[in-house]
Amino acid sequence: MSSEVWRAGLAVLLWPGLVGGALLSWLYLWLGRKLLARLQGRYGPPFYQPCFDFVKLLGKQTVVPGGVNRLLFYGLPLVAVISVVVALALIPVPGNPARALSFTGDLILLIYLLEMPALCDVLAGYGSRSLYGQVGAAREALLALGYNLPFLAAVIALALPAGSFRLVDVQAVAYGPVHLAATLAFLLALPARLKCNPFSIPNAEQEIVAGTHLEYNGVPLALFELAHGLELVALVNLFAALFVPLPAGVPGGLIYLLVGVGLVALTTGLAAATARIKLHQAFRFYWRWGAAAAVLAVVVAAIW
């Protein structure tokens, strides 16, 4: 029992949880910012900039706006970080000490945990006294109704042939056509989950300044930024664990890192090549093409 607790603790605190996830998130965020800058003809930030931004926010004084619930103000970013850290610890990546502790239904728990940052964003916006924050919260809530359709379908499509909602069982499903269909659905949902162009609607800087985080500053804002970076790592790890076959003789960690770099490059290229669309356009896109990808993935899983 004590051994299991130690392994779970290491997975949450070190790898693939808080420390490892934070370092990897800063690498991915820097790669995205650097690539976007080069595509726009700029030099871009140094590799340590995301880490410095986080440390700088930690050192700033936290000012709680008048009329805002202090418990929500401090609690929501903390809940977002804890949720994603635990989600990271559940994903069966190479070197995860808690991989052997996988249990029935951990895939469902993982999905719930990955939804918590978006829910915390919505509550943060609605708890704000700023009209811009409330607009960002409404946009986030409506957009989630769209992108979650292909995202959930992609995961469920792999759970069907596995006959289980246990992550290691889903990961063990032999690679086939269902993976291709589920990959399409997952990739359609990814830019909106990461709030990248053309789906950067909830935090549109030119329209609503900073969206749901407008009145956040100091440590709470640092935690929200950390949660966003950890969510990127969690989605990358989940994609690599479930949708990418590992060639024999190739280190799994290297494959996961290359997959992460590829997904960052893909979303950054899409962001650089597109302009932000309107909320109703994004919603229609996901309930048309996202729904089509979701149906395709589930149908292929059911008949294959």
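Observations, loosely collected:
- Taking 241, 22, 273 in turn, the Gaussian network model of the chain (Cα-Cα springs below 10 Å) assigns the largest fluctuation to 273.
- Per-residue ellipticity at 222 nm computed for the chain from its helices equals -23500 deg cm²/dmol, with DSSP H segments shorter than 4 residues left out and the rest contributing -39,500 (n - 2.57).
- Distance between modelled label sites at residue 6 and residue 109, nm, 7 Å Cα→Cβ extension: 2.1 nm
- Screening the chain for whole DSSP H helices of 30 Å or more along their axis (Cα) with average Kyte-Doolittle hydropathy at least 0.0 returns 18-39, 70-90, 106-127, 131-162, 218-243, 252-273.
- Gyration tensor analysis over the Cα atoms of segment 205-259 returns equivalent ellipsoid semi-axes of 35, 12, 8 Å (largest first, whole Å).
- The charge dipole of segment 188-304, taken about its Cα centre with unit charges on the Cβ of Lys, Arg, Asp and Glu (plus for the first two, minus for the last two), comes to roughly 420 debye.
- Net dipole in debye of segment 1-71 [+1 Lys, Arg Cβ; -1 Asp, Glu Cβ; about Cα centre; nearest 20]: 340 debye
- Compactness relative to 2.2 N^0.38 Å, alpha carbon Rg of the chain: 0.98
- Positive-end residue, the chain charge dipole about Cα centroid, Cβ charges, pick of 299, 204, 224: 204
- Mean Cα-pair separation over length for segment 2-303, i.e. relative contact order, pairs under 8 Å, 6 or more apart, %: 28 percent
- Build a GNM of the chain with springs between Cα atoms under 10 Å apart, and of 171, 134, 49 the one that fluctuates most is 49.
- Lys/Arg +1, Asp/Glu -1 at C-beta; the chain dipole; positive extreme among 138, 58, 46: 46
- Residue separation of residue 64 and residue 175 scaled by 0.36 nm, minus their Cα-Cα distance, works out to 34.9 nm of gained length.
- Entry note, segment 1-78: relative contact order of 16 percent, from Cα contacts under 8 Å with a spacing of 6+ residues.
- For segment 9-101: Kirkwood Rh in Å [reciprocal of mean 1/r, alpha carbons]: 15.6 Å
- Placing +1 on each Lys and Arg Cβ and -1 on each Asp and Glu Cβ, with no other charges, gives segment 2-303 a dipole about its Cα centre of roughly 540 debye.
- By the count of neighbouring beta-carbon atoms within 10 Å, fewest first, 139, 42 end up ordered 42, 139.
- Centre-to-centre, using Cα atoms only, segment 104-153 and segment 1-45 are separated by 21 Å.
- Excluding same-chain neighbours fewer than eight residues apart, the lysines reachable from residue 195 by a Cα-Cα span under 16 Å are 278.
- Residue among 185, 82, 29 farthest towards the positive dipole end of segment 2-303, charges placed on Cβ: 29
Quick note: the coordinates plus some simple rules give every number you see, no bench work behind them. Every value quoted in this text rests on a predicted model; they were computed, and no experiment measured them. We place every Cβ from the backbone using ideal geometry, glycine too, and count neighbours over all the protein chains shown.
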